[in-house]
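What follows is a set of notes on a single structure, which appears directly below.
The values are calculated or read from the model by the stated rules, or taken from the named source; none is laboratory data. Just so we're clear, the structure is a prediction, and the values are computed from it rather than from any experiment. Cβ placement follows ideal geometry from the backbone for every residue including glycine, while neighbour counts extend to all protein chains displayed.
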Amino acid sequence: MSANLPVVARVLTRWAAISAMAMSCSFAFAGNLNFLKDTPIAYMKPADRQALNRAAQEALETRKDGQSLKWSNAGTGNTVHIEGTVTPRDTVKSGSETCRKVTLVALAKGQKQTWTPTACKQGGGQWKIKKQ
């Protein structure tokens with residue numbers, strides 16, 4: 001058993017070193033995201049993101065280019081009120097695929113945040129954010 005001790009010690013030492021590096025990376029990553037503090041996305045919980053996704057799906061399906069749909073996180077259980085709009089635009093159809101730019105706006109605690117991704121769907125499927 002004593003012959004195995006150095007192997008165990010090396011494994012534990014490596015594991016501790018890897019853990020320390022991973023923790024330092026996660027702290028650095030969190031520090032780099034400090035600019036998001038006090039922005040609407042910082043207050044969003046999973047239920048709020050689901051409410052925004054439902055509104056985006058509805059807007060992409062039912063609104064013409066430039067027509068906005070209002071959304072809010074009412075009923076999600078979040079004590080921070082978040083609201084905004086979803087505005088599809090620039091619809092492009094190619095075969096069975098339809099793509100639209102969509103402007104997502106969120107307002108919370110006096111801060112406004114805007115994203116403009118492109119969403120696409122195949123046939124009657126769900127809209128999904130297109131990877132850039």
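The residues of the range 96-132 that are surrounded by fewer than 16 Cβ atoms within 10 Å (Cβ to Cβ) and aromatic (Phe, Trp, Tyr) amount to a single one, Trp115. Scanning the range 52-70 for residues that are within 16 Å of Thr114 (Cα to Cα) and within 16 Å of the chain's Cα centre (by Cα) yields Leu52, Asn53, Ala55, Ala56.
Residue count for the range 68-95 satisfying the condition of being touching a Lys or Arg at 6+ places or on another chain (Cβ under 7 Å) and either loosely packed, with under 12 Cβ neighbours inside 10 Å or over 17 Å from Asn53 (Cβ atoms) (or both): 4. Residue count for the range 103-132, restricted to those that are more than 15 Å from Ser72 (Cβ to Cβ) and among the hydrophobic types (A, V, I, L, M, F, W, C): 5. Only one of the numbered conditions (1) touching an Asp or Glu at 6+ places or on another chain (Cβ under 7 Å); (2) assigned to a strand (DSSP E or B); (3) at pLDDT 95 or above is violated by Cys120, and that is (3).
So which of Val80, Val86, Val102 is of a type in the set (A, V, I, L, M) and at pLDDT below 90? Don't jump to the end; show me each part of the working.
Values: Val86 fails: at pLDDT below 90; Val102 fails: at pLDDT below 90.
Result: Val80 is the single residue among Val80, Val86, Val102 that is of a type in the set (A, V, I, L, M) and at pLDDT below 90.
Among the residues of the range 96-117, which ones are touching a residue at least 24 places away in the same chain (Cβ under 8 Å) and under 17 Å from the mean Cα position of the chain (by Cα)? It would help to see each step written out before you state the result.
Within the range 96-117, the subset touching a residue at least 24 places away in the same chain (Cβ under 8 Å) is 96-97, 99-100, 102, 104, 106-109, 111-113.
Listed by number, the residues that qualify are Val102, Leu104, Ala106, Leu107, Ala108, Lys112, Gln113.
Give the number of residues within the range 36-63 that are in a loop (DSSP other than H, G, I, E, B) and touching a residue at least 24 places away in the same chain (Cβ under 8 Å). First the steps, then the outcome.
If we filter the range 36-63 for residues that are in a loop (DSSP other than H, G, I, E, B), which is where we start, we get 37-39, 44-45, 63.
Restricting the remaining residues to those that are touching a residue at least 24 places away in the same chain (Cβ under 8 Å) gives 38-39, 44-45, 63.
Number of matching residues: 5.
Going through the range 74-132 one residue at a time, which ones are touching a Pro at 6+ places or on another chain (Cβ under 7 Å) and closer than 22 Å to Ala42 by Cα? The answer is Ile82, Val102, Ala106, Leu107, Ala108, Gln111, Gln113, Ile129.
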